[in-house]
Amino acid sequence: VLLLFETRRRIAIMVCTSRVASPVFWLCFATTQAGAQWTVVDLDAGTGAAYGVHRDQQVGGYGRASLWYGSAGSWTSLHPDGATGQSAAYAVYDGQQVGSAYFASGERAGYWLGTASSWVDLQPPGAGSSAAFGVWNGRQVGSVDGRAALWYGTPGSRVDLHPTGSLTSVARGVYGNQQVGYAMFGNAFHASLWTGSASSFVDLNPEGSGASFAYGVYEGIQAGLFIPGNYSHAALWFGSVNSVADLHPQGVGATGSAIYGVYEGQQVGSATFKQYHAAYWSGSPTSWEDLHPKGSLISIAYGIYDDGDYTYVVGETYWDNTSGHATMWVRANTVVPPTSFSMFRGSVISGDLSSLLDSDNSRLVLRPGAVFSTEESPIQITLHGTVGQPSPTMLGFQVESNTSVSNAEIRIALYNFQTASYEVIERHPTSTTDTVEHVNVTNNPSRFIEPGTRNVRARLSYKALGAVFVYPWFARIDRVRWILPGT
């Protein structure tokens, strides 16, 4: 339990060396908990596991670092020139893949940009060994000589995250200014959180837990496992040790569970039923879904990505006792477009309702209007729709838009029918080019759905944050939609 990821990787390396790649196949099955339909794609190319997914790319590999674009036939080897041993890619973000490869001098951290020849070695001068496990926006995390590390794209940029008093440490995930992993104190690993330096270390190990591990982080939420007794429990943290949430499936006979990937209110990992079963959550124990393919022996999920239209999960599946297959699970989401809109502040310059339905660069263009205080946003648009599920496990909202000025922000608010007021769910700086904002609500999403009618409302607010030298400035919205899990 304590070192499931690393231990399984070593086992698979030994058994996969003589494997012959099997043909791609598709298998559809209904999950046992939520009834949502997942399609299972065998990505196997003799490589054993897929660890990370972002946009159209999946990465993994036991013996050779691997990159896929959605099918077994798209497999690309990332094994660096000059590598004398095994290599693997563990994470991907915006076309950058991170991992490690064995050279004559030992294991070395690095990243790729889609080809084996693009390999960039991240090992700092004088170091003996290193590995990279996570990536976000040009930042990489991993370890150097048993010490958690953060890089900014070059060997010399390495920041030592190793906590004072720890015997060994590893950083496994990064998002924004947060890094997560684990550090050993005494004879136990403690889930760990950093914000860019060793001195920022936060111990996430809950009181009474024998050990804990953090594997992923997304927008201030950390994910992993803790061990309150004899078995591991899937866990989420919200920045502190006392914030731990136990996501272990209840009432289904699972003895252990773990989370390895997290994205937009969704988590993936495994639940143990004598053998490991790939698992999916949307923020609570009751949201658990069994992704275990029918007829397989073992399955584990390591990474997740959601583009609104589809949810993608990657991991590995053992169909026999010899070796694992890199696997991707895909679920089509239910997309709900707006049925009408009205302006609360500001006015329409061009476009209409049809401009909001597709990502096609046909935009609804809005200009500022009068406000009654400097705190109020001069562009506010209210959107209306109707969803098909009165009590979904998750309710998402997505907007693709830009502003004509760079110093502006967007606020996304959903209407709470229980309190008869709007709740701001997200606020974020805008860009002068189209940017997609995607938020998922997993905590009581039904409050944003009107009982009986199943109507939903959202309000988008745009506000300049500084001086604007060209007036009027504009907000330009390309697409808006609510998103629910597929059925």
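The values are calculated or read from the model by the stated rules, or taken from the named source; none is laboratory data. Nothing here was measured: the structure is a model prediction, and the numbers come from that model. When we count neighbours, we look across all protein chains shown, and the Cβ atoms used for this are built from the backbone with ideal geometry, even at glycine. The accessibility values were calculated without ligands, DNA or RNA, using every heavy atom of the protein model including side chains. Shrake-Rupley method; radii C 1.70, N 1.55, O 1.52, S 1.80 Å.
Things worth noting here:
- MET328 vs. criteria over 18 Å from GLU400 (Cβ atoms), at pLDDT 95 or above and more than 22 Å from the chain's Cα centre (by Cα): no
- Residues located in region 466-483, provided they are under 20 Å from VAL399 (Cα atoms) and either basic (Lys, Arg) or not in a strand (DSSP E or B) (or both): TRP473, PHE474, ARG476, ARG479, ARG481
- Each residue in region 85-109 was checked for being touching a residue at least 60 places away in the same chain (Cβ under 8 Å) and open to solvent by 10 Å² or more (accessible area, probe 1.4 Å), and 2 of them qualify.
- Subset of region 267-288 (residues that are free of Cβ contacts under 8 Å to residues at least 60 places away in the same chain and part of a loop (DSSP other than H, G, I, E, B)): LYS274
- Every residue from region 51-84 that is open to solvent by less than 30 Å² (accessible area, probe 1.4 Å), of a type outside the set (A, V, I, L, M, F, W, C), at pLDDT 95 or above and assigned to a loop (DSSP other than H, G, I, E, B): GLY70, HIS79, PRO80
- ALA467 open to solvent by 10 Å² or more (accessible area, probe 1.4 Å) and either at pLDDT below 95 or in contact with a Phe, Trp or Tyr (Cβ under 8 Å, 6 or more places away or on another chain) (or both): yes
- Of all residues making up region 418-453, the number that are open to solvent by 50 Å² or more (accessible area, probe 1.4 Å), in contact (Cβ under 8 Å) with a residue 60 or more places away in the chain and in a loop (DSSP other than H, G, I, E, B): 3
- Residue in region 111-128 that is open to solvent by 40 Å² or more (accessible area, probe 1.4 Å), of a type in the set (D, E, K, R) and either touching an Asp or Glu at 6+ places or on another chain (Cβ under 8 Å) or under 21 Å from ALA198 (Cα atoms) (or both) present: no
- Strands (runs of 3 or more DSSP E) wholly inside region 334-417 containing at least 1 residues that are buried (at least 19 other Cβ atoms within 10 Å of the Cβ) and in contact with a strand residue (DSSP E or B) (Cβ under 9 Å, 6 or more places away or on another chain): 334-336, 340-345, 364-367, 379-386, 395-403, 408-416
- Extreme residue, surrounded by the fewest Cβ atoms within 10 Å (Cβ to Cβ), among residues of region 236-266 that are in contact with a Pro (Cβ under 8 Å, 6 or more places away or on another chain) and not in a helix (DSSP H, G or I): GLN250
- Test: ARG411 is charged (D, E, K, R), out of contact with any His (no Cβ under 7 Å at 6 or more places or on another chain), at pLDDT 95 or above and on the phi < 0 side of the Ramachandran plot: yes
- GLY486 being part of a loop (DSSP other than H, G, I, E, B), within 26 Å of THR334 (Cβ to Cβ) and open to solvent by 50 Å² or more (accessible area, probe 1.4 Å): no
- Subset of region 303-333 [out of contact with any His (no Cβ under 8 Å at 6 or more places or on another chain), open to solvent by 10 Å² or more (accessible area, probe 1.4 Å) and over 30 Å from ARG479 (Cα atoms)]: ASP320, ASN321, THR322, HIS325
- First in region 143-172 and among the hydrophobic types (A, V, I, L, M, F, W, C), second anywhere and at pLDDT 95 or above and part of a helix (DSSP H, G or I), Cβ under 6 Å, 6 or more apart: TRP151/SER157; LEU161/ALA198
- Here the strands (runs of 3 or more DSSP E) wholly within region 96-171 that include at least 3 residues being within 30 Å of SER74 (Cβ to Cβ), at pLDDT 95 or above and not basic (Lys, Arg) are 96-103, 106-112, 130-136, 139-144.
- Residue within region 203-219 that is surrounded by fewer than 23 Cβ atoms within 10 Å (Cβ to Cβ) and closer than 15 Å to VAL268 by Cα present: yes
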